[in-house]
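The values are calculated or read from the model by the stated rules, or taken from the named source; none is laboratory data. These numbers come from a predicted model, not from an experiment. All Cβ positions, even for glycine, are placed from backbone atoms using ideal geometry, and neighbour counts span all protein chains on display. Just the protein is used for accessible areas: all its heavy atoms, side chains included, with ligands, DNA and RNA removed. Shrake-Rupley method; radii C 1.70, N 1.55, O 1.52, S 1.80 Å.
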Amino acid sequence: MKKRIGALVAAAAMSASFAVLAQQPAKKPAAKAQAKAAQKAPDATTADFEKFRDVLEEDNPAELFEAKGEELWKAKRGPNNVSLAESCDMGRGVGVLKGAYVQLPRYFADVDAVMDAERRIAHCMVKYQGFKAEDLAKKPFSSGNYTPELVSLTTYVAGHSRKMKIAIPQKHPKEKETYQIGKEIFAYRAGPWDFSCSTCHGEDGKRIRTQNLPNLSTPEGAIRAFQGWPGYRMTGGVMHTLQWRMNDCFRQQRFPEPNYVSPSITALLSYMGVNANGQVYKGPGIKR
Amino acid sequence: MKTQKITLFCAAALLAAGFARAGDYRSQAIALIKQDFHPRGIATADRIHEEGLQAVCNRTSDNPPAAIAERLQKDQFDAIKWPSDGKFMGGDWKKGEKIAQSGQGMAWNNKPGQENGGSCYNCHQIGPKETSFGTLGPSLYQFGKVRGYGEDIQKYVWGKIWNAKATNLCSQMPRMGHSGTLTEKQIKDLVALLLDPNSPVNKE
Amino acid sequence: MDALRRTLIKGAGATGAIAAAMAAGVLKPSQVLAAEYNRTAFEAKDVAGALKGVGAGSTTESKDIVIRAPDIAENGAVVPVDVVSNIPNTISLAVLVDKNPAPLTSAFDFANGAVAEMALRVKMGQTSMVEAIAKTSDGKYFIAKKEVKVTVGGCGG
Amino acid sequence: MADPMKIRAQMKGDSAEIRVLMSHPMETGQRKDNAGNVVPAHFIQSITVDVGGKRVIQGQTGPAISRNPVFGFKVKGAKAGDKVVINWVDNKGDKRTDEATIS
C-alpha cells in the first residue's frame, strides 16, 4: 500500500514536470531527450503495432461476417427465390468459390466486361435473384450496427481464397486494358488539394500519422493493400470491403464520390491486384 | 488573373499535344472518371476536371520541362496573397497547433462554412509532443531554430503554406491558401507555430 | 431472494464447492447473475469507486500478475489485453482502465479447473493505466498495472 | 435474434484453450449516430462458460469491452470431446447460448 502511494506521488511529480516543460524554457538535457523520443517513436510504434496485429488477427470478428455471408450465399432469396450458390459464377464455374477471390478482377464473357469480386456478386444478385441495382447502391457501406448483405457475401467469398496465391489473369485484352486504365486513374491528380492515389501510395516507407502507406506500384506494397480486405475495421467495429476502401480514399482525396461497384473502381483494383500477383492472400483480415 | 489563366491553358494544350501518343489509356481513364463519379455535399462535380497546373503535372509525371515549370511557378507565386497588414508574425502558435492537428475540411462529409484544418501532422513532424505524425513531408520540428527567424524565412513559410506549388510546381503538398482551405488568419497562426521562438517547435 | 438465487445457481449446475468459490469471488454472490448486475462497480466513475464496488477495499501490488498489452495501441477501440495471475488460489480477475469514464471493464470468477487467466479486448478513450485485480480464495486482493498509450491514427479527421 | 457466437476449444497440453467471438454492438450509450442522436447503451453484462457440464467461469462486463467481443480462457482437467457451453445476457435482456466440442 505504501509502495503504491510512493509510485503515485512519483507519477504526479513526473506529469507536473512535463507540464513545466511545455510552458517554460526548459533545461537542455530533458528537452533533448524528449525531442529524441519524438523522433524515434514511429519505428517503435510500428514494431509494437505489428507485434499485436497477430494477436488481433488470431481471433478476428471478420469470422462473424463470413458466417453471415455463408447463410446469404446459400439461401434462396430475392424476387426470383434463387440462391447465389446455384446461380452465380465468380469466374471458376457456377457456385465454385475456391480460389475465386484471388483471381478477381477478371474478364467475364457473359457481360463482356472485367469485374471485381463485389461488382460480380452485385451483378449476380441483380441478374439471378432479381434484386434492384439501385437498392444495392443505396447504402452500400457498413456503419454503426448496419452491415450490407453484399459486405458479408464478399467476406464469405474471400474466405474461400485463404492462404492462396493471388493470380489475377492478364490474358484477355480487356483485362490488360483495365489494368492500364487503373494505372492512369491511380496517377490522376485533381480536386482542391491536387491529390491523386499516388500522392500517398506512390512512394516507399511513408506514413500518414502513424499509418504506413503501402506503395501500390510495387509488389510488396500492393500485397499490403490487398491483404486484410475485406477487413474488420477496429474504428467503428464494422466490416468493410475494398469497395469501401476505395470510396474512402476518394473522400480523403477530396474528390466527388465514385459510384458503387463502378468500372473506375474495378480498374483501380485491377492495377493494385495485378501488382500483387504471386503473393499469398491470408483471407479476411483486421484493419485499424 | 485573366492572363494567368490563359497562360496556363496554352501551356496545358501544348503539352497535351506533345504527349498525346502516351495518352490513349489516359483519355479512357478520364472518360471513365467523368462517367463514374457523382457530386456529394461540398465535393462538386467540377473537382474531377484537371485544372491547368494539375493537367501539366499529370501529363508529365510531375516532371514538366524546366522552361514551362519556371513560367507556371512564377504565375503561382504572383497569385499568392500576402498578409493584408504586411506582417507575417503575430499569430498564435497554440491555435496553429490545433489547425495543424485537424484533418477536417474540403471532403464530402465536411459542412460548407465549417472551419477547416491544415492536416499538417498527416505528413509532417512538427511539435515535439505529437508522436503520431506522418512522413510524406519533411520534419518541421525546430523549424525556426534551424533556419532562423528572419523576414525572408517568414515570407518563405507564408508562401509555402499559401501555395506550395509556387516554389515547387508539382509538389505533393496542397495549396492551402490558394484552394481556399485556410484563411489568412489561420496561415498566420501556422507561421507562428513554425517561427515563434516560444512555440514548442523551436523551444529547446 | 436467497431462495431464488439458490434455485438459479442450482439450475446452472453448480455444486456446493462452486457456490462457495463464487461466494468468495470478486463479484458478490448477490451480483453474480445478469438480473443482479453489479451496477455500483461498473458505473463507478473512478478506480477507487470501482474497486470498492467489487469489494476490494485494499490491494497489494504484485509482480505475479502479468498484464500483456501493447505499449502503444494501434486503435483505442480495440486494445488486446491478456491477464495471467500466478498468485496461488486466484479465484477472480478484474480489468480496469483508469481513465475511462467508467474504469471497470469486466470481472470474472474461475472455478472447477478454470485457470486464472483471460484474454479480452477493451476500449480506451485515451492513454491510461490498465490495471488487473486478482482475488485469492482467502479474500485478499492484488493489483498490477501497465500503461497503454493511445495515439491519433489515420488522417486525424 | 442475436447472431451465433464462434467458439474454438482445443486441448493444449493438460488444459483446454477456449476462444470465443461474440456478435454484439457493445454500445456505450455515449456514441452519437450520423444524425447526432445518442445511441442508447446496449452491452453484454453477463457471461458464463460451462465445460463438461460444470460451470467453470462466470463474469460480468461493462460497455468498455470492445464491440464484437473476443474472450480467451483456459481450463485445466478438461478433455477432448467435452462440451463447452457459453452463454451471454445483455442489458436489454437479449441472450444467446452456443456450444462447441473440445478438439
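Things to note:
- Counting, for every residue in A:264-271, the Cβ atoms of other protein chains within 10 Å of its Cβ and taking the mean gives 2.
- As a ratio to 2.2 N^0.38 Å, the alpha-carbon radius of gyration computed for the range B:88-193 takes the value 1.01.
- All Cα-Cα distances of the range A:95-253, cut into 5 Å bins from zero to the largest, leave 2, 8, 14, 20, 20, 20, 11, 4, 1, 0 percent in each bin in turn.
- In the assembled protein chains, B:S27 presents an accessible area of approximately 60 Å² (probe radius 1.4 Å).
- Kirkwood hydrodynamic radius of the range A:48-151, from inverse mean 1/r over distinct Cα pairs, in Å: 15.2
- Estimated at the nearest 10 Å², the accessible area of A:H201 is 40 Å² with a 1.4 Å probe.
- Neighbouring partner chain Cβ atoms per residue of B:48-56, average, 10 Å criterion: 3
- When nucleic acids and ligands are ignored and a 1.4 Å probe is applied, B:D78 ends up with an accessible area of around 90 Å².
- The ellipsoid that matches the Cα gyration tensor of the range A:202-288 has semi-axes, each √(5λ) in whole angstrom, of 18, 16, 15, with the longest given first.
- 14 Å cut-off, amide nitrogen to a point 7 angstrom out along B:I68 Cα→Cβ, residues in the range B:135-176: B:169-170
- Considering the range B:20-76 at the alpha-carbon level, its Rg and Dmax are found to be 13.8, 39 Å.
- Electrostatic dipole magnitude of the range D:1-71 [Cβ: Lys, Arg +1; Asp, Glu -1; Cα centre; debye, to 20]: 100
- Projected onto their three principal axes, the Cα atoms of chain B cover extents of 55, 38, 31 Å, largest first.
- Put simply, when A:269-276, A:94-101 are sorted by average Cβ atoms within 10 angstrom per residue, most first, you get A:269-276, A:94-101.
- Assuming charge only on the beta carbon of Lys and Arg (+1) and of Asp and Glu (-1), the dipole of the range A:62-287 about its Cα centre is about 360 debye to the nearest 20.
- The range B:93-195 - charge dipole about Cα centre, Lys and Arg +1 at Cβ, Asp and Glu -1, debye rounded to 20: 40
- Extension gain for A:E58-A:N145 works out to 29.0 nm (0.36 nm per residue, less the C-alpha to C-alpha distance).
- Those residues of the range A:108-129 whose amide nitrogen sits under 15 Å from the label point placed on B:Q35, 7 Å along Cα→Cβ: A:111-116
- Among A:C124, B:C123, the order of accessible area from largest down is B:C123, A:C124, computed with a 1.4 Å probe on protein heavy atoms.
- Per-residue average of Cβ from other chains inside 10 Å of A:229-239: 4
- Counting only protein heavy atoms and a 1.4 Å probe, the protein assembly as shown has 43 square angstrom of accessible area per residue.
- A:E220-B:S61 FRET efficiency (beta carbon distance; Förster radius 25 Å; 0.05 resolution): 0.70
- Dipole of the range A:62-287 [Lys/Arg +1, Asp/Glu -1 at C-beta], most positive-end residue of A:Q129, A:T241, A:P258: A:T241
- Those residues of the range C:77-104 whose amide nitrogen sits under 17 Å from the label point placed on D:K76, 7 Å along Cα→Cβ: C:84-93
- Stokes-Einstein translational diffusion, chain D - Kirkwood Rh over all Cα pairs, 1.306 mPa s, 10 °C, in µm²/s: 110
- Computed FRET value (nearest 0.05) for B:T44 with A:K74, which takes r as the C-beta separation and R₀ as 35 Å: 0.20
- Diffusion constant of the protein assembly as shown at 20 °C, which comes from Stokes-Einstein with the Kirkwood Cα-pair radius and 1.002 mPa s, µm²/s: 75
- Take A:61-71, D:69-79 and order them by the average number of nearby Cβ atoms within 10 Å per residue, most first; the result is A:61-71, D:69-79.
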